[in-house]
1. Round to the nearest 10 and give me the degree value, 0 to 90, for the angle of helix 24-37's Cα axis relative to the longest principal axis of the chain.
2. What FRET efficiency comes out for LEU193 versus GLU105 if R0 is 30 angstrom and r is the Cβ-Cβ distance? Round to the nearest 0.05.
3. If the reach is capped at under 28 angstrom between alpha carbons, list the lysines near LYS197, excluding any in the same chain fewer than eight residues apart.
4. Determine the dipole magnitude for the chain: charges of +1 sit on the beta-carbon of Lys and Arg, -1 on that of Asp and Glu, nothing else is charged, the reference point is the Cα centre, and the result goes in debye to the nearest 20.
5. In percent, how large is the relative contact order of the range 3-173, given Cα pairs closer than 8 Å and 6 or more residues apart?
6. Restricting things to Cα coordinates, could you compute the convex hull volume per residue of the range 247-389 in Å³?
7. Remind me, relative contact order of the chain in percent, using alpha carbon pairs under 8 angstrom and six or more residues apart?
8. Mind sorting ASP275, ASP159, ASP134, ASP326 by how few other Cβ atoms lie within 10 Å of their own Cβ, fewest first?
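We did not get these values from a lab; they are worked out from the coordinates using the rules stated. Computed from a predicted model, the values in this text were never measured in an experiment. Backbone-built Cβ (ideal geometry, glycine too); neighbour counts: all protein chains shown.
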Amino acid sequence: MHDDESTQLYTRYQELQRYVSWSDDDARRVRELSPLAKPHLRGLVEDFYEEIERHPEAAKVITGGQAQIERLKGTLIRWLEELLAGNYDDAYVARRWRVGLRHVEIGLNQVYTNMALSRLRLGLIRTLSEIWVDRPEELVIALRSLHKLLDLDLAIIEDAYQSEYLRRQQQIERMAAIGQVAGGIAHELRNPLNVIKTSVYYLLNARNATAEKTAEHLNRIHKQVGLADGVITALSNFARLPQPSMEPFDLRAMLQETLESCGLPASIEVTIDLDSGRNHPLGDPAQLRIVFSNLIRNACDAMPGGGRLTITATDGEETISVVVEDNGTGIAPEHITRIMEPLFTTKARGIGLGLAITRAIVEKHRGQITVSSRPLAGTTFSVRLPATRV
């Protein structure tokens, strides 16, 4: 553990101490329990490991036989001695943190850590109650301090367990995503490469190829290179989206430019209604053009025989909502929750990054995108963006 990580961890531990009102008096009271409890720690540990043997899910992580159990008993005794020593510095906290990490490494479910600490807690309370000779009310106060300390130990161990477990799960998910992306890239690039390969073979081996045939195959190669480049560009854009510059911009002008760049067919009827325009959205017009270009093109794809495209904008208090609606084929109910996932597509061509990029851009703008659809009746995308008064 690096020094800065150790410092952050200890700062977090001190925050937890404040949360349970831990004080120097608590540390003193626990320290005063140490000489009473210490002669009985071996018995508590023996009981602890006897109980583990009765629970296969907990016992299965012990793979080194009796020799390992004896080492673990010694470790647990030292852990209890440290618990009662009264010195709860950054080194103490780091050792507790490593307990949580170790449990992830050996595959021990955290629930058994919770139950194990509960058994040790009950054993300490029972032992101290049996040997206590002073006033009972003083024992109650001392045990209250011990409870705080055990709760703090459990909190830091569980925090370490959850942090490490989450890190490993994210690593597994990243590897799965890489595999999914790799499969998508392979699928999308294999088709144009196969076309290129056949055309190159023809150009290398055809006898007396006409100028027209040669031009046809060269054009095929040129087209397929463009398709492959489009796949790579989409992936690159998705992976390297920069943080947007959040500045007020003219929504109407941005939408008009986007519509012009899409080159909509004459069979698509377009209606734009931008409310009163009291708000200006905040964001990066260049990135948001990608958002609305994707939504507009998807709407057109859903209306191959023509239809109606409606774009409306409505002011909120500190937001503006832009709705893109079509009356096309709609989205099947089983697909509606997945259409903005990377690499998910229902189209014959495409790698399913358009809407994933769209959502990523909107979220980077601290906005939100939602979709609703009815098969054969049309689809509505709603984009809500932060805005400022004009």
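1. Helix 24-37 and the main axis of the chain meet at about 60 degrees.
2. 0.10
3. Within the straight-line cut-off, LYS197 pairs with LYS213, LYS223, LYS347.
4. The dipole of the chain has a size of about 1300 debye.
5. 37
6. Expressed per residue, the convex hull around the Cα atoms of the range 247-389 is 103 Å³.
7. Rounded, it is 13 percent for the chain.
8. So the residues, fewest neighbours to most, are ASP134, ASP275, ASP159, ASP326.
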